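Read-outs: derived from the displayed coordinates by stated rules, not from any lab. Here the structure is a predicted model, which is why all the values come from computation and not from measurement. Because the Cβ atoms are built from the backbone with ideal geometry, glycine has one as well, and the counts that use them run over all protein chains shown.
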Amino acid sequence: MSDYPNSSRPKKSLGQHFLVNHNAIARIAATIPEGANTLEIGPGRGAITDVLLKRVGSLVLVEKDNGLAEKWEKRAASEDKLSLVHGDVLKCLNEVAKQHQPDWIAGNLPYNISGPLSAALFGLNLSGGMVLMYQREVADRIRADSGSKTYGGLSVLARHFYNVKRLLVLPPGAFNPPPKVHSAVLLFTPHGHQPCCEYVDLQSTVRRGFAHRRKTIANNFRDVVSMDEWKMLEIDAGARPERLDYAAWAKLTLLLTTKTSSHQEVNALKSHLQKS
Ligand code: SAM
C-alpha cells in the first residue's frame, strides 16, 4: 500500500514499527497456506497485508489506529475478500475469532500489548496456526522449555494447543522506525492432542503458580494441594514452578478444577492419571 501520508507519523503508543525487510515479509506470508481464512492483527501500512491478500482466501484485519483503519475500510469496500474491524484487538479478539473463524492468524504484534494479547491468542484452537512477531526476549520466553530461567506462564499457555518454533530473528534495521531491540517471528502449529483441562483453568493455575517464582510449587499452592495429592500427580512438591512441564501444569489444573467439581470430573481425573 503506497498512499500513506507522511502526516500519519508512526505512533509509539501503538507500537508502530513497520516491517520493511522484504525477505522477512515473504517468509511470514509464505507460512500461511494459499486459500486460508486469515486474521491479521495490526496491518499498519500493509507490509504483510499486501502479500497475504494475494494468497489467502479471506482476510480480516483488526486495526486500532484511526487513520490507518480508515484507509483499510476504504480498501475493504472494493475488495471482496478483505474486511476490517476498527478497534482494540485486546477487546475484540474473541468476538472477531468467533465471527470469522480464521484458520490462521498473522501479526507483527504491537510490543506494548504482546503479553496479554498472547495469553488471549494461545487460547484459540485454530485449525491452521499462527505466525507472530515479538520482541526477541519475549519470543525466547514463549518458546523456552521447562527448567530454563526464562520459562514462565506464557511458555506453558502456548503449549496448550500448539507446538512453537522460531522462524526468524530480525535486527532493528528490519523496521521503520527501528525499535531498540531485536525481534523474532514464532510459528505456532497445532499439536493435535486433546488437552486434559480447559484453557481458562490452566491460566488461573499458571497465574498462581508463577506468582512467586522463588518459592516451591507446594508453597505456591499451600492450603490447596496436599502432599498426598502432589504424590498422586507425580509432581515433586519441592520443585520451583519453572521445573514443571506443560503436562504437569495440565494435571495440576485438572486436580484443582475437580476439587470444586462433581464426582464425574473426579473420575475423569483418575482415569487420566491412570493412562498417563
Ligand atoms: N503489520 C504492520 C507491519 O508489519 O509493518 C504494522 C505492525 S506494527 C508493529 C503494530 C500494528 O498494530 C500497528 O498498525 C498498530 O497501529 C496496531 N495496533 C497497536 N495496538 C493495537 C491494538 N490494541 N489493537 C489493534 N491494533 C493495534
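Determine, from the Cβ-Cβ distance of Gln99 and Ala239 and an R0 of 45 Å, the FRET efficiency 1/(1 + (r/R0)^6), rounded to the nearest 0.05.
After rounding, the FRET efficiency stands at 0.60.
Divide the volume of the convex hull of the Cα atoms of segment 69-200 by its number of residues and quote the answer in cubic angstrom per residue.
131
Go ahead and estimate [θ] at 222 nm for the chain from helices alone: -39,500 (n - 2.57) per DSSP H run with n ≥ 4, summed, over the residue count, rounded to 500.
Calculated at 222 nm, the ellipticity per residue is -11500 deg cm²/dmol.
Within 10 Å of each residue's Cβ, count the other Cβ atoms and sort Ser83, Ser271, Ser204 from fewest upward.
Neighbour counts put them in this order, fewest first: Ser271, Ser204, Ser83.
Using only the alpha-carbon atoms, how far is helix 263-275 inclined from the longest principal axis of the chain? Give it as 0 to 90 degrees, nearest 10.
Once rounded, one gets 90 degrees.
Using a 7 Å offset from the Cα along the Cα-to-Cβ direction at both Ala120 and Asn66, what is the distance between the two label points in nm, to one decimal?
2.1
Please compute the volume of the convex hull spanned by the alpha-carbon atoms of segment 138-276 and report it per residue in Å³.
Taking only Cα atoms, segment 138-276 has a hull volume of 121 Å³ per residue.
Tabulate in residue order the Karplus-calculated ³J(HN,Hα) for segment 81-86, using 6.51 cos²θ - 1.76 cosθ + 1.60 with θ = phi - 60°, rounded to whole Hz; enter x for Gly and Pro.
Per-residue couplings from phi come out as 7, 10, 9, 10, 10, 8 Hz.
Of Trp104, Trp230, how do they rank once you tally other Cβ atoms within 10 Å and put the fewest first?
Going from least to most buried by this count: Trp230, Trp104.
Restricting the count to DSSP beta bridges whose residues both fall in segment 6-190, what percent are antiparallel, rounded to a multiple of 5?
Looking only at bridges with both residues in segment 6-190, the antiparallel portion is about 45 percent.
For the chain, what are Rg and Dmax over the alpha carbons, in angstrom?
Cα radius of gyration and Dmax of the chain are 20.6, 65 Å respectively.
Kindly write out, for segment 133-138 in residue order, the coupling ³J(HN,Hα) from the Karplus curve 6.51 cos²θ - 1.76 cosθ + 1.60 (θ = phi - 60°), rounded to whole Hz, with x marking Gly and Pro.
Going residue by residue, I get 9, 10, 4, 4, 5, 5 Hz, with x marking Gly and Pro.
Under 29 Å Cα-Cα from Lys149, which lysines qualify once same-chain neighbours fewer than 8 residues away are excluded?
Lys165, Lys180, Lys215, Lys231, Lys251
Could you please state, rounded to a whole Å, how far the C-alpha centre of segment 132-171 is from the C-alpha centre of segment 74-104?
The distance from the Cα centre of segment 132-171 to that of segment 74-104 comes to 26 Å.
Once you keep just the Cα pairs under 8 angstrom separated by 6 or more residues, what percentage relative contact order results for segment 6-190?
Relative contact order here is 22 percent.
Taking N as the number of residues in segment 6-120, what value does Rg over Cα atoms divided by 2.2 N^0.38 Å take?
Against the empirical 2.2 N^0.38 Å value, I get 0.99 for segment 6-120.
Taking just the C-alpha trace of segment 199-275, give me its Rg and Dmax in Å.
11.8, 36
Over segment 172-276, what is the relative contact order in whole percent, taking alpha-carbon pairs under 8 Å and six or more residues apart?
After rounding, I find 25 percent.
Please rank Glu63, Glu95, fewest neighbouring Cβ atoms within 10 Å first, as an exposure proxy.
Ascending Cβ contact count within 10 Å gives the list Glu95, Glu63.
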